[in-house]
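Chemist: Got a structure for you, written out below as structure tokens; questions coming shortly.
The values are calculated or read from the model by the stated rules, or taken from the named source; none is laboratory data. Small disclaimer: the values here were computed from a predicted structure and weren't measured. Cβ placement follows ideal geometry from the backbone for every residue including glycine, while neighbour counts extend to all protein chains displayed. With ligands, DNA and RNA removed, areas are computed over all heavy atoms of the protein, side chains included. Shrake-Rupley method; radii C 1.70, N 1.55, O 1.52, S 1.80 Å.
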Amino acid sequence: WEVEVFDRPPGTPASRIRQHIRREPMPASLPLLRRLRELTPQSTFIEVEEYEALQYLRGVRELPTVASMYNVDSQVYANIYAMRERSRVELLRDRYHLSRQRTLERRYARRASALLCVSEADCAYFLSRGAANPVLVPNGVDDDLFQIPANAASRSDVLFFASFSWQPNVDGIV
């Protein structure tokens, strides 16, 4: 495997304007876009992980794409924003941020050859937004690998790291 690292570019006024016009999460790395275009002729498909990487799919339109979302980020942030008090300016900023997230999710859910979703709820959300091919790949635990020994202590403590502002985590712990 070869790994290439591209630093996130500093935001210039022009790059920030382009970012907002395209409703993308951050200014795109032009060297990364160029490199993706160079690699396209020798590639079979491209896979992107998570919300912020979706914007790079615009540079490789001719390849099949797999997008792995992990969560519906716009729903995660909507839950987080709903739990805190905000000024009027913060409320407007948060609404704008959610609007950009939803636009990007919808755009690439429709474009991806396969959209990997970790729950039925996420699949349903993306289907309702026009996803061309959502594929359910549920999170889970290998019961054999993590089997609790019969002679384990009889304690009932559970150590769980997660945000309870995200409903699937709440469902998972219940």
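Chemist: With axes computed from alpha carbons, what is the tilt in degrees of helix 30-39 against the longest principal axis of the chain, rounded to the nearest 10 within 0 to 90?
Modeler: So the helix axis and the longest Cα principal axis differ by about 80 degrees.
Chemist: Let me ask another. Output the 0 to 90 degree angle, nearest 10, between the alpha-carbon long axis of helix 73-82 and the longest principal axis computed from the alpha carbons of the chain.
Modeler: The angle comes out near 70 degrees.
Chemist: May I pose another question? At 1.4 Å probe size, with the rest of the protein present, what percent of the exposed accessible area of the chain is carbon and sulfur atoms?
Modeler: Details: 6480 of 11850 Å².
Ligands and nucleic acids excluded, carbon and sulfur give 55 percent.
Chemist: Please report the projected area of the chain's Cα convex hull averaged over all directions, in nm². Show your work: numbers first, answer last.
Modeler: Numbers: hull surface 57.3 nm².
Across all orientations, the chain yields a mean hull projection of 14.3 nm².
Chemist: Going by alpha carbons, how many degrees (0 to 90, nearest 10) lie between the helix axis of 13-22 and the longest principal axis of the chain?
Modeler: The angle comes out near 70 degrees.
Chemist: Send over a whole-number figure in Å² for the accessible area per residue of the stretch 1-136, probe 1.4 Å.
Modeler: Working: 8220 Å² over 136 residues.
Per-residue value: 60 Å².
Chemist: Looking at L54, L39, A28, which one has the Cα that reaches farthest to the positive end of the dipole of the chain (charges on Cβ: Lys, Arg +1; Asp, Glu -1)?
Modeler: So the residue furthest toward the plus end is A28.
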